[in-house]
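Input: a single structure, listed below in structure tokens.
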Amino acid sequence: MSQGFLSRIELGAAGIRRLLNLWPPFRGAGIRVREIAPDFRSATVELRMRLLNRNYVGTHFGGSLFAMTDPFFMVMMMKNLGPDYLVWDKQGTVRFLKPARGTVTARFEIAEERIAEARQHTEAGAKYEPVFRVDIVDAQGTVVADVEKTLYIRRRKGDVSPAKAGARLLGPRLRGDDKVIRGDDKVIRGADKIRGDSWNSSTGS
């Protein structure tokens, strides 16, 4: 399972903010990314009310409220975990609590503990599906909607967990009567029969 080419481009927080603000689905809906922290641990997004992005009754269109929360937890977690991890948005739910008018804002935050949990749960190759929540508030600070996003996280196939990497560096487990030929790290078991002159020539002893 691969991800799009944009996820493989090395962009900082400012670059991603500019890119998202030029993205047609956001521009058309009136969504603007105000800030993404340099460490990708927080982001602030706003939705401005315009003549052409209102719903039938003159308030914010529910699809736009949900869209303003769409990629941020995924992108923030992806940037914090690094290229050895696969991160997707898996599921999202939205609750509309009050009619939304004017400019509304969502602030996303991921604590360091949540990033550490993701690494711990996926270390052995298992998938991990954490849930994140964000409120959408109006200019008065009233919560007009809340959104829950479920992410899908796992280590990319072929990557070695830190524990396995350590075991690989230590090499094969040796018994008391085993010997190692250093040239190509072959293990000669104590029970194996080898000629003395072969052993001497192989080890240089």
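The values are calculated or read from the model by the stated rules, or taken from the named source; none is laboratory data. Quick caveat, the model's predicted, so the values are computed rather than measured. All Cβ positions, even for glycine, are placed from backbone atoms using ideal geometry, and neighbour counts span all protein chains on display. These area figures cover heavy atoms from the full protein model, side chains too; ligands, DNA and RNA do not enter into them. Shrake-Rupley method; radii C 1.70, N 1.55, O 1.52, S 1.80 Å.
Here are the numbers for the structure shown:
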quantity	calculated
The range 11-32 residues that are within 25 Å of Gly82 (Cα to Cα), paired with ones that are at pLDDT 95 or above and loosely packed, with under 13 Cβ neighbours inside 10 Å (beta carbon under 6 Å, 6 or more apart)	Ala13/Pro38
Pairs with Cβ under 6 Å, 6+ apart, first in the range 53-76 and under 12 Å from Lys149 (Cα atoms), second assigned to a loop (DSSP other than H, G, I, E, B) and not hydrophobic (A, V, I, L, M, F, W, C)	none
Selected residue (criterion: modelled with the highest pLDDT) from residues of the range 149-172 that are open to solvent by less than 70 Å² (accessible area, probe 1.4 Å), assigned to a helix (DSSP H, G or I) and hydrophobic (A, V, I, L, M, F, W, C)	Ala163
Residues satisfying the stated conditions in the range 122-147, i.e. under 19 Å from Pro99 (Cα atoms), part of a strand (DSSP E or B) and in contact (Cβ under 8 Å) with a residue 40 or more places away in the chain	Val134, Ile136, Val143, Val144, Ala145, Asp146, Val147
Conditions (1) open to solvent by less than 30 Å² (accessible area, probe 1.4 Å); (2) touching an Asp or Glu at 6+ places or on another chain (Cβ under 9 Å); (3) farther than 19 Å from Thr150 by Cβ: number failed by Arg41	(1)
Close pairs from the range 92-121: first more than 20 Å from Arg32 (Cβ to Cβ) and in contact (Cβ under 8 Å) with a residue 40 or more places away in the chain, partner open to solvent by 80 Å² or more (accessible area, probe 1.4 Å) and outside any loop (DSSP other than H, G, I, E, B), Cβ under 6 Å, at least 6 apart	Thr93/Glu148
Any hit, the range 48-70, residues being open to solvent by less than 80 Å² (accessible area, probe 1.4 Å), of a type outside the set (Ser, Thr, Tyr), in contact with a His (Cβ under 7 Å, 6 or more places away or on another chain) and at pLDDT 95 or above	no
The lone exception for Ile136 - which of (1) modelled with pLDDT of 95 or more; (2) on the phi > 0 side of the Ramachandran plot it fails	(2)
All positions within the range 131-148 that are under 13 Å from the mean Cα position of the chain (by Cα) and surrounded by 18 or more Cβ atoms within 10 Å (Cβ to Cβ)	Phe132
Wholly enclosed strands (runs of 3 or more DSSP E) of the range 18-96 bearing at least 1 residues more than 19 Å from Asp135 (Cα to Cα)	85-96
